[in-house]
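One structure is given here, and the rest of the page talks about it.
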Amino acid sequence: MSTILLAGGAGYIGSHTAVELLESGYDVVIADNFSNSCPESVKRVEQITGKSVKLYEVDIKDAAKLENVFSENSIDAVIHFAGLKAVGESVEKPVLYYRNNIDTTLSLLECMNKYGVKNIIFSSSATVYGEENPVPYTEEMKRGTCTNPYGWTKVMMEQILEDTAKADSSMSVVLLRYFNPIGAHESGMIGEDPQGIPNNLMPYVAQVAVGRRDHLTIFGNDYPTPDGTCRRDYIHVVDLAKGHVKAVEYVMKNKGVEVFNLGTGTPYSVTEIVTAFEKANDIKIKYEYGQRRAGDLPESYANADKALKVLGWKTEKNLEDMCRDLWNWQRNNPQGYNK
Ligand code: NAD
Ligand code: UD1
């Protein structure tokens, strides 16, 4: 069976993808510097699947150290999750974000070139559609203007990967544009474990539910949407992870560059999400309305037709599953992995 390197695979999406790949029969190697994760997530992946993962603690920016991973394993494809992702922090520390996110990409491409690895899947984001494009987003739309350095790193990395594939016709690049991944593995053993105060909506809601935060502030209720709060395309992280298994099959059979949206195609508002979490788990979430957050778009959701047509992938889980599984993880791990 093929061996897949998950760069940044100890993180939220990487750990869920590792489970799905292992359960589909792939061998998994993870390289991570644990800047936003810990080895415990990988142990739990092994417990869930009953299979072992080869784990390297390495800063992927460091191409010389990363080379050990390539020289010691026969890698068939790389999935590049390794990046910093906090939007607000990227505005305060742009150089840190450009350095980390661009350099991890370049080091991976250099090692791949040296060891003849031709297949790479990249964790991109719906954020690359920027401010100009109308919803629902389709893959052939031009990348737009981002509102923060994090988003620009994704735009730049997509460009770097496209240029690399253009220069080497034996390469295969898949750009996966994620919408809003939430939820957790149904075992409750792995999930999202943000450091400090969560930036994203659902980890914040979960921490209010578990008593770590007093209340949620909903950022703005005067948007041009049905209930005035922003609408997003929330996707269960296990569905997203399964999309990666399909992308691995695809990347190994095809050449060139292909882009896929990974979303459900159905938007929900912040208020709808909070209500769904309350209903699914029979818990009250204290919230108040506050100011809009800088850089937020009123709506972001996918047209997910291409992934269905080309990869044969679509989401299977609904909003209730997302809310229930998130709570199951948070309740069992109130302090995340650090309990
Ligand atoms: P995460 O922070 O949980 O995972 C990223 C992993 O990369 C972490 O384990 C971190 O330690 C590692 N990492 C970062 N820099 C590294 C480096 N220099 N060397 C080695 N390891 C490094 O985040 P996630 O939510 O799992 O996201 C994975 C990818 O998907 C990221 O690139 C992110 O930008 C992208 N993405 C995430 C979302 C989302 O909502 N979670 C949405 C769109 C895109
Ligand atoms: C954000 C990033 C996006 C990134 C993604 C994953 C911005 C503008 N976009 O997406 O680039 O890929 O995270 O890291 O930051 N909300 C509240 N209260 C909160 C938190 C969020 O009301 O405490 C609202 C937001 O205003 C938004 C929705 O919930 O309308 C979802 O927010 P979030 O989870 O941060 O995701 P995005 O903003 O869609």
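Taking R0 as 25 Å, what FRET efficiency do you get between Ile197 and Glu46 from their Cβ-Cβ distance, rounded to the nearest 0.05? Working shown, then result.
On the way: r = 30 Å, r/R0 = 1.21.
About 0.25, to the nearest 0.05.
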| remark: Once both label points are put 7 Å beyond Cα along the C-beta direction, the Lys286-Glu132 separation in nm becomes 4.6 nm
| Eligible lysines near Lys317 by straight Cα distance, threshold 24 Å, same-chain separation 8 or greater | Lys242, Lys246, Lys279, Lys284, Lys306, Lys309
| field | Distance between modelled label sites at Asn254 and Asp103, nm, 7 Å Cα→Cβ extension | value | 3.4 nm
| request: Counting only DSSP beta bridges with both residues in the chain, tell me the antiparallel percent, nearest 5. | output: 5 percent
| remark: Checked region 184-256 against the a/c 1.5 cut and the a/b vs b/c comparison, axes a ≥ b ≥ c from its Cα gyration tensor; verdict oblate
| message | For a test of understanding, tell me how many lysine pairs in region 55-169 have Cα atoms under 19 Å apart, given they are 8 or more places apart or on different chains. | response | 13
| request: Answer rounded, prolate or oblate for region 1-128, using the Cα gyration tensor with square roots of eigenvalues a ≥ b ≥ c: rounded when a/c is under 1.5, else prolate when a/b is larger than b/c, else oblate. | output: oblate
| task | Let me know the volume per residue of the alpha-carbon convex hull for the chain, in Å³. | result | 122 Å³
| said: So the label point goes 7 Å from the Cα of Ser169 along Cα→C-beta, right? Which residues of region 255-285 then have their backbone N under 13 Å from it? | reply: 255-256
| Can you give me the Cα centroid spacing of region 43-81 and region 129-203 in angstrom? | 21 Å
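Return the FRET efficiency for the residue pair Thr217, Ser24: r is the Cβ-Cβ distance, R0 is 51 Å, and the value is rounded to the nearest 0.05.
On the way: r = 40 Å, r/R0 = 0.79.
The formula returns an efficiency of 0.80 here.
For region 270-313, just say rounded, prolate or oblate: build the C-alpha gyration tensor, square-root its eigenvalues into a ≥ b ≥ c, call rounded for a/c under 1.5, and beyond that prolate if a/b exceeds b/c, oblate if not.
oblate
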| task | Extending each Cα 7 Å along its Cβ direction at Asn303 and Glu92, get the distance between those two points in nm, one decimal. | result | 3.9 nm
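A short reminder: the numbers here are calculations on the coordinates, not readings from a lab. If you're wondering where the values come from, they're calculated on a predicted model, not measured in any experiment. Note that we place each Cβ from the backbone using ideal geometry, even for glycine, and neighbour counts take in every protein chain shown.
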